[in-house]
Each structure stands twice: as structure tokens, then as C-alpha cells.
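The numbers here are math on the coordinates, done by the rules we state, and not lab data. Just so it is clear, the structure is predicted and the values come from calculations on it, not from any experiment. Note: ideal-geometry Cβ built from the backbone for every residue, glycine included; neighbour counts use all protein chains shown.
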Amino acid sequence: MKNKLWIILLILLSRTIFAVIFQGIVALGFHLDYLAAGRWWTVYGSMIDFACLGLMLWVVRREGIEFRSLVGYSPGDLKRDLKLSGLVLIVVMPLTVLWATLISLLLFGKAAAPIVAGPLPLWGAIYSVIIWPIGWAIMEQIIYMGYCLPKLEEVFHNKVIPVSIVMFFWALQHIALPVTYDMNYSLYRFLTVIPMVFIPIVYLRTRRLVPLIIAHGIFDMTSAISFYFLPN
């Protein structure tokens with residue numbers, strides 16, 4: 001049991017740890033201030049994804065399970081998955097926007113919180129819109145929903161505690177995207193993840209990861225567009 005919890009905790013913390021590390025690597029590699037390097041997080045985010053992929057491959061090999069079983073993709077279910085992803089977007093996107101606006105008003109006194117992303121050169125902005133959301137959505141959903149949530153269910157034999165734990169670490173990750181000394185911004189990033197609790201609830205009811213990946217990818221793509229191509 002202790003060994004199982006250690007592995008789950010490692011996976012839950014992995015994206016936060018890698019975010020801190022790769023922000024530092026970018027800072028060193030490009031001779032940037034650490035905080036300035038954080039503005040590239042939608043680009044070096046792919047490094048985080050590859051590091052997490054490597055970690056997950058090691059874990060599933062250690063446990064004797066197939067990596068693809070965490071996703072559970074079946075071409076015959078694609079139509080149903082697309083419908084479910086649409087439902088998730090219809091619920092989560094407006095709820096998240098309204099919640100983020102409220103949190104921003106409370107913390108910053110204005111509807112739109114300051115964005116700690118970019119400015120990036122055109123190639124970086126395009127990369128952030130087209131490439132970054134794909135790997136980001138896949139790895140976040142595999143780690144938090146596909147692996148950690150079912151494992152925590154086995155440990156606690158209920159659904160409330162696992163969902164609470166997963167949501168805490170998912171929110172914690174966002175504090176490191178990017179790392180900043182602005183405590184209000186960090187709190188904003190942490191709190192704005194709360195409406196995403198709908199996602200683990202949907203997963204526990206459907207055990208379908210693909211629709212959550214699709215919805216998550218679209219959500220992140222629209223976020224990147226708002227970061228880099230819309231007036232703030």
C-alpha cells in the first residue's frame with residue numbers, strides 16, 4: 001500500500017515539478033531571467049509532456065499494464081465521444097469563464113486577470129495554438145483521470161476523496177504555469193481550476209478519456225488564441 005501511494009503521489013506531482021524544472025532550463029539555455037522564461041510556458045510545456053510521458057511509460061511497464069489501456073480509445077465510439085466532448089465544453093467553458101471573472105474581480109479588481117504568457121514571436125504563438133494543446137490535453141487527462149483517479153479509488157474505496165485529491169494537485173500544477181512571485185496571480189491560477197471538477201465527475205460516470213481529451217484540447221486552444229491573438 002505504501003509503495004502504491006508513493007507512485008501515485010509522484011505522478012500527481014510530476015507535472016508541477018517538471019514545470020518548475022523546465023522553466024529553469026529555458027532560463028539557463030536562453031540566458032533569460034527565471035520569471036521571464038516563464039512567459040514561454042506554452043512552448044516548453046511540450047517538454048513537460050514528454051517528460052511525463054517517459055515517467056508514465058516507466059510506471060506502466062513497472063506495473064505490467066499497457067499504456068494505451070489508460071486511454072481506452074475505440075474507433076467505434078468516436079461519434080459518442082465527440083458528443084460527450086461537446087457536452088463537457090458546453091458546461092465547462094462558460095462556467096470557467098464566469099468563475100475566472102469573479103476570481104479576477106476579487107483579487108485584481110477587474111474582470112480580466114493579467115496574463116503571464118508571451119509575448120512570443122509568431123512561430124511560438126502558432127505553436128502554442130496548434131501543437132501545445134494536443135500534447136497538453138492528452139498527458140493531463142492520462143495522468144490525472146486515466147491513471148491517478150482510478151488508483152486513488154482503489155486506495156480509498158470511494159469517489160469523493162480521489163476527486164478532491166486529483167483536483168488539488170491539478171490546481172497546484174497551475175501555480176507553476178508559470179512560476180511567479182505574484183501571490184495573487186498564483187492564487188488566481190489555483191482557484192480557476194475549481195470548475196474543472198466536472199471533468200473527473202464525468203470520467204467516473206463514463207470511464208471515457210477520449211472525450212475529455214478532445215474537450216480539454218479545444219479549451220486550451222481557445223485559451224492560447226486569447227493569449228496571443230486577441231487584444232487583452
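Under 10 Å, Cα contacts only: if you run a Gaussian network model on the chain, which one of Val193, Val155, Val20 comes out with the highest mean-square fluctuation?
Highest fluctuation among the options: Val155.
In percent, what relative contact order does region 1-97 have, based on Cα pairs under 8 Å that are 6 or more apart in sequence?
22
Working only with C-alpha atoms, what are the Rg and Dmax values of region 42-95, expressed in angstrom?
Both quantities, over Cα of region 42-95: 15.4, 40 Å.
Can you tell me the length gained on complete extension of the stretch Arg80 to Leu102, counting 0.36 nm per residue apart and subtracting the Cα distance?
Gain in length upon complete extension: 4.6 nm.
Just flag the trypsin sites (Lys or Arg not before Pro) in region 74-131 sitting in loop per DSSP whose Cβ has no more than 16 other Cβ atoms within 10 Å. Please report the intermediate quantities before stating the final value.
Working: sites: Lys79, Arg80, Lys83, Lys110; in loops: Lys110.
Hits after loop and neighbour filter: Lys110.
Straight distance only, please: which aspartates and glutamates reach the Cα of Lys151 with their own Cα at less than 18 Å, same-chain residues fewer than 8 apart left out?
By straight Cα distance, Lys151 reaches Glu63, Glu66, Glu140.
For region 1-111, just the Cα atoms, rotate onto the principal axes and tell me the three extents in Å, largest first.
Cα extents, longest axis first: 48, 40, 30 Å.
Where does region 136-232 land on Rg/Rh, using Cα atoms and the Kirkwood Rh?
1.00
Using only the Cα atoms, work out Rg/Rh for the chain, with Rh taken as the Kirkwood radius, to two decimals.
Checking Rg against Rh, the ratio lands at 0.95.
Whole Å is fine, so just give me how far the alpha carbon centre of region 31-59 lies from that of region 158-184.
Result: 17 Å between the Cα centres.
Just to confirm the filter: which trypsin sites (Lys or Arg not before Pro) across region 138-209 are DSSP coil and have at most 12 other Cβ within 10 angstrom of their Cβ?
Here the trypsin sites (Lys or Arg not before Pro) that fit, given the DSSP loop and packing criteria, are Arg207.
Using a Gaussian network model on the chain with a 10 Å cutoff between Cα atoms, which of Val210, Val160, Val202 fluctuates the most?
Top of the fluctuation ranking is Val160.
What nm distance separates the two modelled labels at Ile7 and Arg61, each placed 7 Å from Cα along Cα→Cβ?
In this crude spin-label approximation the distance works out to 1.4 nm.
Would you mind finding the longest exposed-site-free stretch of the chain, with exposed chymotrypsin sites (Phe, Trp or Tyr not before Pro) meaning DSSP loop and at most 15 other Cβ atoms within 10 Å? Present the calculation step by step, with values, prior to reporting the outcome.
On the way: sites that count: Phe30, Tyr73, Tyr181, Phe229.
The answer is 74-180.
How large is the helix-only mean residue ellipticity at 222 nm for the chain, computed as the sum of -39500 (n - 2.57) over DSSP H runs with n ≥ 4, divided by its residue count, in deg cm²/dmol to the nearest 500?
-23500 deg cm²/dmol
Using +1 on the beta carbon of Lys and Arg, -1 on that of Asp and Glu, and nothing else charged, what's the dipole of region 1-82 about the Cα centre, debye to 20?
Dipole size: approximately 240 debye.
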